[in-house]
1. Mind listing just one residue for me: the one in segment 33-46 that is open to solvent by 20 Å² or more (accessible area, probe 1.4 Å) and modelled with pLDDT of 95 or more and, of those, nearest to GLY117 (Cα to Cα)?
2. Taking segment 53-99 as the search range and keeping residues that are of a type in the set (Gly, Ala, Ser) and surrounded by 18 or more Cβ atoms within 10 Å (Cβ to Cβ), which one is nearest to SER17 (Cα to Cα)?
3. Please list, ordered by residue number, the strands (runs of 3 or more DSSP E) wholly in segment 1-93 having 3 or more residues that are within 19 Å of SER123 (Cβ to Cβ), under 15 Å from the mean Cα position of the chain (by Cα) and of a type in the set (Asp, Glu).
4. State whether the residues of segment 108-115 include one that is assigned to a strand (DSSP E or B), in contact (Cβ under 8 Å) with a residue 12 or more places away in the chain and over 16 Å from TYR60 (Cα atoms).
5. Out of the residues in segment 5-32 that are modelled with pLDDT of 95 or more, aliphatic (A, V, I, L, M) and closer than 20 Å to GLY55 by Cα, which is surrounded by the fewest Cβ atoms within 10 Å (Cβ to Cβ)?
6. Do we have ARG38 as touching an Asp or Glu at 6+ places or on another chain (Cβ under 7 Å) and of a type in the set (Lys, Arg) here?
7. Within segment 100-122, restricting attention to residues that are under 21 Å from THR78 (Cβ atoms) and touching a helix residue (DSSP H, G or I) at 6+ places or on another chain (Cβ under 7 Å), which residue is least open to solvent (accessible area, probe 1.4 Å)?
Amino acid sequence: QVQLVESGGGSVQAGGSLRLDCSVSGRTYTTRFMGWFRQAPGKQREFVAYVTWSGTNFAYADSVKDRFTISSDNSKNTIHLQMNRLKPEDTAVYYCAVSSLGYGSWWPKDYDDWGQGTHVTVSS
């Protein structure tokens, strides 16, 4: 019973940057990890990054490592994904999600609630 709303998506040229934001509300006391996933047309949803609610533990997919940064802001109940040096293959709908698991996960099925998604398009 957590509500998430993403924002910040848009269209950029390769090499550019975007910051995605996710507002979290509801029963956040059950949340231990927050993640970002993405899904391109015709492809399965894939893991991008996760962070603990405390912001002390992180993980990134190899495809975005050293380019994307995930962070959380407990005081504002928000999750952020700073995306730098964007590539055309980063084009997808990006989703934020939360999990009540006691450990981080790369698998979408381990997340309990999802946002509606925000579109990111990177042109070459």
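1. For segment 33-46, the residue satisfying everything is GLN39.
2. Applying the filter and picking the extreme gives ALA92.
3. none
4. yes
5. My answer is VAL5.
6. yes
7. Going through the qualifying residues, I end up with VAL120.
To keep it simple, each residue is scored yes or no on (1) of a type in the set (Phe, Trp, Tyr); (2) over 17 Å from GLY9 (Cβ atoms).
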position	(1), (2)
ARG45	no, no
ASN57	no, yes
PHE68	yes, no
SER72	no, yes
LEU81	no, no
ALA92	no, no
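The values are calculated or read from the model by the stated rules, or taken from the named source; none is laboratory data. Treat the numbers as computed from the prediction; the structure is a model and nothing was measured. Backbone-built Cβ (ideal geometry, glycine too); neighbour counts: all protein chains shown. These area figures cover heavy atoms from the full protein model, side chains too; ligands, DNA and RNA do not enter into them. Shrake-Rupley method; radii C 1.70, N 1.55, O 1.52, S 1.80 Å.
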